[in-house]
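Participant: There's a structure below that I have some questions on.
The values are calculated or read from the model by the stated rules, or taken from the named source; none is laboratory data. Quick caveat, the model's predicted, so the values are computed rather than measured. When we count neighbours, we look across all protein chains shown, and the Cβ atoms used for this are built from the backbone with ideal geometry, even at glycine.
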Amino acid sequence: MRANLHVRNTQSGFTAVEMMVSLLILGVITGGIFAQIDLAQQRAFSEQVKLDNFQEARDFVDQFFRDVNQIGYPNSRMVDTTSASWVPALAAPLINDNRLAIGLVKIDANEIRFEGDMNGDGVVQSIIYMVNGSTVCPLCLQRSQVDKVTANPLTGQATNWGTETNDVITTNPIFSYFKADGTPVAALPVDISTGAATIASVKTIKISLTIRNNAVMDPKTHQAIETNFEGEVSLNNCSMAAAGAQMSCN
């Protein structure tokens with residue numbers, strides 16, 4: 001009987017201490033696995049946010065490039081302003097006429113205004129890209145498009161804010177401007193009333209858009225997600241702002 005009892009004792013299961021140690025090890029391993037899964041999900045989410053922000057910025061910049069390609073059309077160099085239909089208009093500056101697009105109207109670090117036939121239907125539109133143009137979205141780069149009325153291109157046009165991109169950073173210039181020889185336009189803002197010759201000399205526009213989503217943190221850097229998009233476009237600046245100024249369309 002003693003021998004059999006001894007055998008049963010040697011074949012007994014885990015002790016309570018061994019069981020607790022095993023559970024502790026299992027818990028640590030399981031916790032590590034779930035932590036890695038959570039980190040992977042955070043990274044996937046942050047990458048998706050970056051992708052969405054990049055696509056938003058790209059769509060907005062693509063719209064800007066399409067608009068820029070229409071700057072200054074139609075203008076006074078494309079019509080006979082001495083014909084009978086134009087004689088009544090000559091009493092007022094041609095740049096105010098809603099049948100003509102002046103081209104660039106104003107340039108600034110975070111704002112640009114211009115005119116052109118955006119829809120290809122012969123109707124001239126007044127276009128504005130501006131941070132917080134509506135005054136209700138401090139971190140939005142917004143776009144306004146309205147049909148031009150016969151009035152001052154800078155001060156006499158209405159606004160209609162529509163397309164926008166959110167969470168933009170304005171510590172660095174969004175828009176940069178260059179002349180035909182590559183010289184940057186350093187003194188901003190400039191508009192048709194303060195620097196018509198400068199406005200008429202712009203050949204290239206660079207846009208640099210940085211979006212920072214403060215609601216989403218990068219799991220690696222623990223900083224807010226940032227997305228950058230840059231582009232550059234040359235334009236046929238047939239400006240009516242300054243008669244006799246050297247322009248890229250001449």
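Participant: Of all residues in region 191-227, which are more than 21 Å from the chain's Cα centre (by Cα) and within 30 Å of residue 103 (Cβ to Cβ)?
Facilitator: Those that are more than 21 Å from the chain's Cα centre (by Cα) and within 30 Å of residue 103 (Cβ to Cβ): 191, 192, 193, 194, 195, 196, 197, 198, 199, 200, 201.
Participant: Continuing with the same structure: Could you identify the single residue in 199, 207, 174 that is hydrophobic (A, V, I, L, M, F, W, C) and in contact with a Gly (Cβ under 7 Å, 6 or more places away or on another chain)? Even if it seems obvious, please write down each step before you answer.
Facilitator: Details: 199 fails: in contact with a Gly (Cβ under 7 Å, 6 or more places away or on another chain); 174 fails: in contact with a Gly (Cβ under 7 Å, 6 or more places away or on another chain).
The match here is 207.
Participant: How about region 56-72: which of its residues are crowded, with 18+ Cβ neighbours inside 10 Å and in a helix (DSSP H, G or I)?
Facilitator: To start, the set of residues in region 56-72 that are crowded, with 18+ Cβ neighbours inside 10 Å comprises 56-57, 60-61, 64, 67-68, 70-72.
56, 57, 60, 61, 64, 67, 68 - these are the residues of region 56-72 that are crowded, with 18+ Cβ neighbours inside 10 Å and in a helix (DSSP H, G or I).
Participant: Tally up the residues in region 189-219 that are part of a loop (DSSP other than H, G, I, E, B) and free of Cβ contacts under 8 Å to residues at least 40 places away in the same chain, please. Spell out the reasoning first.
Facilitator: Start the filter on region 189-219 by keeping residues that are part of a loop (DSSP other than H, G, I, E, B), which leaves 189, 192-195, 218-219.
Next, only the ones that are free of Cβ contacts under 8 Å to residues at least 40 places away in the same chain stay: 193-195.
Result for region 189-219: 3.
Participant: Given the condition surrounded by fewer than 19 Cβ atoms within 10 Å (Cβ to Cβ), at pLDDT 85 or above and either farther than 24 Å from residue 47 by Cβ or out of contact with any Asp or Glu (no Cβ under 7 Å at 6 or more places or on another chain) (or both), answer yes or no: does some residue in region 205-224 qualify?
Facilitator: Within region 205-224 (the criterion being surrounded by fewer than 19 Cβ atoms within 10 Å (Cβ to Cβ), at pLDDT 85 or above and either farther than 24 Å from residue 47 by Cβ or out of contact with any Asp or Glu (no Cβ under 7 Å at 6 or more places or on another chain) (or both)), the answer is yes, since at least one residue qualifies.
Participant: Separate question: Whether any residue in region 131-138 is touching a residue at least 60 places away in the same chain (Cβ under 8 Å) and touching a Cys at 6+ places or on another chain (Cβ under 8 Å) is what I want to check. Steps first, answer last, please.
Facilitator: Residues of region 131-138 touching a residue at least 60 places away in the same chain (Cβ under 8 Å): none.
No: zero hits.
Participant: Same structure again: If residue 112 satisfies all but one of (1) crowded, with 20+ Cβ neighbours inside 10 Å; (2) at pLDDT 95 or above; (3) touching a Ser or Thr at 6+ places or on another chain (Cβ under 8 Å); (4) among the hydrophobic types (A, V, I, L, M, F, W, C), what's the number of the condition it fails?
Facilitator: Checking residue 112 against (1) crowded, with 20+ Cβ neighbours inside 10 Å; (2) at pLDDT 95 or above; (3) touching a Ser or Thr at 6+ places or on another chain (Cβ under 8 Å); (4) among the hydrophobic types (A, V, I, L, M, F, W, C), the one that fails is (3).
Participant: Here is a list of conditions, (1) in contact with a Lys or Arg (Cβ under 7 Å, 6 or more places away or on another chain); (2) in a loop (DSSP other than H, G, I, E, B), and residue 186 meets all of them except one; can you say which number that is?
Facilitator: (1)
Participant: Name every residue in region 225-244 that is among the acidic types (Asp, Glu) and at pLDDT 85 or above, in order of residue number.
Facilitator: Going residue by residue through region 225-244, those that are among the acidic types (Asp, Glu) are 226, 230, 232.
Of everything in region 225-244, those that are among the acidic types (Asp, Glu) and at pLDDT 85 or above turn out to be 230, 232.
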